[in-house]
Amino acid sequence: MKSVVETLNPTRVRLAVEVPFAELESNIQSAYKRIAAQVTVPGFRKGKVPPMVIDQRIGRPVVLEEAVNEAIPQIYQDAMRENELTPLAQPEIDSPSFGEGEDLKFTAEVTVKPKIDLPEWEGLEVQVDDIEASDDDISERLDVLRARFGTLVTVERAAANDDFVQIDLNATSDGEPVEGGQASGVSYQIGRGGMVEGLDEALAGLTAGETKSFRTTLVGTHEGEEVDVEVTVNAVKEQQLPELDDEFAQLASEFDTLDELRDDIRQQALNSKRIEQAMSARDKVLEQLIGSAGDIPLPEELITAQVEEHLADGHGDDDHRAEFEQNLRGNLTQQFVLDELVKAESIEVSQDELSSYIIQQAMRSRIDPNQLAQQLVDQGNLPAVVADVARGKALALAVEKAKVTDASGNAVELNRLREDGTLAEPGEVEGVAAPAVDGSFEFAELDGEAETAEAGEAETAEAAEAADDADEAEADADKKA
């Protein structure tokens, strides 16, 4: 096989392939077997029809066409691998030139990952904020804990901020009820937001039994539609919090005194801030790595297609389009650079690492891990998941090799940080402790990921869009809560 690559632009190539007739012999024999199993010829059992009879009854050109159709996908993949090209989409293959005794010739145009130079990634220097659990942090956490043990008491006064009210809602448009715009007996805390724009202002000052109307713009199913909303207050309740004393500490925790509870909450706050500090270090290392890589060519035709597909149902305005495209470009740039690091350091993904990732994603999505694992296999998304896990390992490696200091100039020992934010003793662990894997999944495809990962790259833009869609869905859910 001979192949020649013509670069159309940094992310688009035309591949010209030529294969000698003799190299297609196995495909021709395979075509005879498939045709023999499909045709019925008197005097021969199915599957036992000789090639000569097939040539007479069906025709040799049909056999050759069948052989070429089988051969081209594998030949294309071999040519891509031979030229070290990674496809990002399905190729556009022209009608092949082929006849009896002739070489098979065809061309394929395809969007590919750009060739980039991996920047220096070891020893990147980043600075993160100091960590401190202030008195305000402790008080805020104590208030949250007190709220969990608070009681609601009905009061005979006007509703004010932070009060809980029981309300009825009725939305109308031009006097007609809006579908799904009615609710009764809803419990709502004034000032929390997230339900209907203008609701907090309308409720302030109302007493039980009073009604008020206001005009608002809906979100969700009726997004952008202006309607009139009537809200009726059925009850006003005030939250009464328990006193901060030793008795509360015994009620809310395993501690006997409030001082012990405060110390524990302070430690929890420090643990959370260490995790935030580690995430900040990761983000800054990635930002610096991307910045030092320079301008990364992006597949414009693929980006355009993804944006149009995302907005095909008509949702979203120009601002949404611009935000989605910006996020997509950023995601692709990160993936391309991290993929180079994966390649340079020969980073591989183990069965345990893949299992851990799937379990974590299943917990986030609240579905059974086995069900998610089966979906990934059935939908052919396993290579994309493996690539994503490998990128995570590559970024972790860059963070591990980075020089991270806090604002006070102290070295931040991320290699001692456990998953819960506590610090391991020196020499106890290497790197951030990995989450425990409760169960495992065996994927036969994993042994061949070096080959299938290339196919997974075609999913990068789709994966980026799926992530953005998930964020939007979560935001919409918060608005409707």
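Go through (1) of a type outside the set (Val, Ile, Thr); (2) open to solvent by less than 40 Å² (accessible area, probe 1.4 Å); (3) more than 24 Å from the chain's Cα centre (by Cα) for residue 259 and report which single condition fails.
Residue 259 satisfies every listed condition except (2).
Give me the pairs, please: first residue somewhere in region 31-56 and more than 17 Å from residue 68 (Cβ to Cβ), second residue anywhere and among the hydroxyl-bearing types (Ser, Thr, Tyr), beta-carbon distance under 6 Å, and either six or more positions apart or on two chains.
From residues that are more than 17 Å from residue 68 (Cβ to Cβ), there are no pairs.
Can you tell me which residue in region 87-97 is surrounded by the fewest Cβ atoms within 10 Å (Cβ to Cβ), limited to those that are over 24 Å from the mean Cα position of the chain (by Cα) and either within 15 Å of residue 2 (Cβ to Cβ) or among the aliphatic types (A, V, I, L, M) (or both)?
Filtering region 87-97 for residues over 24 Å from the mean Cα position of the chain (by Cα) gives 91-97.
Remaining after also requiring either within 15 Å of residue 2 (Cβ to Cβ) or among the aliphatic types (A, V, I, L, M) (or both): 93, 96-97.
Details: 93: 16, 96: 17, 97: 13.
For region 87-97, the residue satisfying everything is 97.
Kindly provide the set of residues from region 114-132 that are in contact with a helix residue (DSSP H, G or I) (Cβ under 6 Å, 6 or more places away or on another chain) and either under 28 Å from residue 406 (Cβ atoms) or at pLDDT 95 or above (or both), ordered by number.
Answer for region 114-132, where residues must be in contact with a helix residue (DSSP H, G or I) (Cβ under 6 Å, 6 or more places away or on another chain) and either under 28 Å from residue 406 (Cβ atoms) or at pLDDT 95 or above (or both): 119, 121, 122, 124, 126, 128, 131.
Between a first residue in region 247-265 that is over 20 Å from residue 147 (Cβ atoms) and among the hydroxyl-bearing types (Ser, Thr, Tyr) and a second residue that is modelled with pLDDT under 95 and open to solvent by less than 100 Å² (accessible area, probe 1.4 Å), which pairs have beta carbons less than 9 Å apart while being 6 or more apart in sequence or on different chains?
Once the first residue is over 20 Å from residue 147 (Cβ atoms) and among the hydroxyl-bearing types (Ser, Thr, Tyr) and sits in region 247-265, no partner that is modelled with pLDDT under 95 and open to solvent by less than 100 Å² (accessible area, probe 1.4 Å) comes close enough.
Restricting to region 238-289, name every residue that is within 27 Å of residue 402 (Cα to Cα), touching a helix residue (DSSP H, G or I) at 6+ places or on another chain (Cβ under 6 Å) and β-branched (Val, Ile, Thr).
Within region 238-289, just 285 meets the criteria.
Picking from 394, 411, 424, which residue would you name as being modelled with pLDDT of 50 or more and crowded, with 19+ Cβ neighbours inside 10 Å? Outline the logic, then answer.
Details: 411 fails: crowded, with 19+ Cβ neighbours inside 10 Å; 424 fails: crowded, with 19+ Cβ neighbours inside 10 Å.
On inspection, the qualifying residue turns out to be 394.
If I ask for residues that are touching a Pro at 6+ places or on another chain (Cβ under 9 Å) and of a type in the set (Ser, Thr, Tyr), which ones from region 21-73 would you list?
The answer is 32, and nothing else.
Which of (1) out of contact with any Leu (no Cβ under 7 Å at 6 or more places or on another chain); (2) open to solvent by 40 Å² or more (accessible area, probe 1.4 Å); (3) closer than 24 Å to residue 238 by Cβ is the odd one out, the single condition residue 203 does not satisfy?
All conditions pass for residue 203, except number (2).
Across region 167-199, what is the number of residues that are touching a Gly at 6+ places or on another chain (Cβ under 9 Å), crowded, with 18+ Cβ neighbours inside 10 Å and either within 15 Å of residue 237 (Cα to Cα) or among the charged types (D, E, K, R) (or both)?
1
Quick check on this structure: which one of 143, 135, 168 is of a type in the set (D, E, K, R) and in contact with a strand residue (DSSP E or B) (Cβ under 8 Å, 6 or more places away or on another chain)? Steps first, answer last, please.
Values: 143 fails: in contact with a strand residue (DSSP E or B) (Cβ under 8 Å, 6 or more places away or on another chain); 135 fails: in contact with a strand residue (DSSP E or B) (Cβ under 8 Å, 6 or more places away or on another chain).
After ruling out the rest, the residue left standing is 168.
Which one is farthest from residue 90 (Cα to Cα), of the residues in region 100-126 that are open to solvent by 90 Å² or more (accessible area, probe 1.4 Å) and touching a Lys or Arg at 6+ places or on another chain (Cβ under 8 Å)?
Taking region 100-126 first, the residues open to solvent by 90 Å² or more (accessible area, probe 1.4 Å) are 100, 102, 105, 115, 117, 120, 122, 125.
Right, trim to touching a Lys or Arg at 6+ places or on another chain (Cβ under 8 Å) and you get 100, 122, 125.
Working: 100: 29, 122: 35, 125: 40 Å.
Checking each candidate, the answer is 125.
Being under 36 Å from the mean Cα position of the chain (by Cα) and surrounded by 13 or more Cβ atoms within 10 Å (Cβ to Cβ) narrows it down to one of 148, 141, so name that one. Step through it out loud before you land on a result.
Numbers: 148 fails: surrounded by 13 or more Cβ atoms within 10 Å (Cβ to Cβ).
After applying the criteria, what remains is 141.
Would you check which residues across region 225-256 are within 30 Å of residue 173 (Cα to Cα) and open to solvent by 50 Å² or more (accessible area, probe 1.4 Å) and list them?
Of the residues in region 225-256, the ones within 30 Å of residue 173 (Cα to Cα) are 225-236.
Result: 225, 226, 228, 230, 234.
The values are calculated or read from the model by the stated rules, or taken from the named source; none is laboratory data. All values reported here derive from a predicted model rather than from experimental measurement. Using ideal geometry, Cβ is built from the backbone for each residue, glycine included, and neighbour counts are taken over all protein chains shown. SASA here: full protein model, heavy atoms, side chains in, ligands and nucleic acids out. Shrake-Rupley method; radii C 1.70, N 1.55, O 1.52, S 1.80 Å.
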